[in-house]
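Note sheet for the following structure.
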Amino acid sequence: MKNLLLMTTSIVALTAAAPAFAADLAAQPVYTKAPPAPVVVAFYDWSGFYAGVNGGWGSSHNSWDFAGTNPEGSHDASGGTVGGQIGHRWQIGQTVLGVEGQGNWADFNGSNISTAFPADRNQTRIDAFGLVTGQIGYAISNVLLYAKGGTAIVSSSYQVNSVASGTQLGSADTTRWGGVVGAGFEVNLTPNWSAGLEYDHVFMPTSDVSFTAAGGGTLGNDRIHQDFDLVTARVNYKFGWPLVLK
């Protein structure tokens, strides 16, 4: 009887303690891992106004025909160029549209002995040109690939010199309009600075050029066909803040 009473008392004590123990377990804090912070990606936006400088090399091909009928041969006029550009771009998705004006000083020189008049040397010099173009490009974040096309204006001077003495026999200066097509790429280097490389082909319509003799009067006319190729390195500064959070 005594053992039975002790067992009964123990069971009652355990039963009374169980809810309190369960309550202590339920009150324990539950720890969970915090969700990762959202990733913010910055990409380059090519939209906005920009201005910059360029420099490089050009080579012009020139064909002369005396009075438009007698071929005098051809020559290349090559040399350096330096200038500047200003423009504006609009980025829509990954497509970039733009307009640009460019002006360059140039020193493209070349000559050949006339096949029609072997005593004469024909010389061409391009001293300046300007380009007004539209652009279309494709942006891959901070890299822009683009093509361009538009109008060109070219300042050239022509001379006819004596082969024997080097004396100038006649000269002409022209400013002519033509066209240009080109392509290039540009890479963003800092939030506002970018650099790139560009190729352009400038083509001029064939035109008649009237030469003035060194002593006065008219020396004659030559029909001259001219085009030239340019390779220039470019550095641009874009105004405004170009990084966009995505």
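The values are calculated or read from the model by the stated rules, or taken from the named source; none is laboratory data. Predicted, not measured: the structure shown is a model, and the values here were computed from it. Virtual Cβ from ideal backbone geometry, glycine too; neighbours counted across all protein chains shown. Remember, those area values only see protein heavy atoms, side chains included, never the ligands or the DNA or RNA. Shrake-Rupley method; radii C 1.70, N 1.55, O 1.52, S 1.80 Å.
Points to keep in mind about this one:
- Criterion (modelled with pLDDT of 95 or more and within 15 Å of the chain's Cα centre (by Cα)) met by exactly one of D200, D127: D200
- Restricting the search to strands (runs of 3 or more DSSP E) fully inside region 1-95 and requiring at least 1 residues that are aromatic (F, W, Y), at pLDDT 95 or above and more than 31 Å from the chain's Cα centre (by Cα) gives 48-66.
- In region 104-123, the residues that are over 17 Å from S162 (Cβ atoms) and open to solvent by less than 40 Å² (accessible area, probe 1.4 Å): N104, A106, F108, G110
- Within region 124-140, the residues that satisfy the criterion of being over 30 Å from T167 (Cβ atoms) and surrounded by fewer than 19 Cβ atoms within 10 Å (Cβ to Cβ) are G130, V132, G134, I136, Y138, I140.
- All positions within region 141-159 that are part of a strand (DSSP E or B), open to solvent by 20 Å² or more (accessible area, probe 1.4 Å) and either at pLDDT below 95 or small (G, A, S) (or both): A147, G149, G150, S155, S157
- Any hit, region 181-193, residues being on the phi < 0 side of the Ramachandran plot and over 19 Å from the mean Cα position of the chain (by Cα): no
- Those residues of region 96-127 which are assigned to a strand (DSSP E or B) and among the polar types (S, T, N, Q), in sequence order: Q102, N104, N109, S111, N112, N122, Q123, T124
- When restricted to residues that are over 27 Å from I86 (Cα atoms) and either among the polar types (S, T, N, Q) or open to solvent by 40 Å² or more (accessible area, probe 1.4 Å) (or both), region 160-195 contains 11.
- Residue check for G84: farther than 21 Å from Q168 by Cβ and open to solvent by 20 Å² or more (accessible area, probe 1.4 Å): yes
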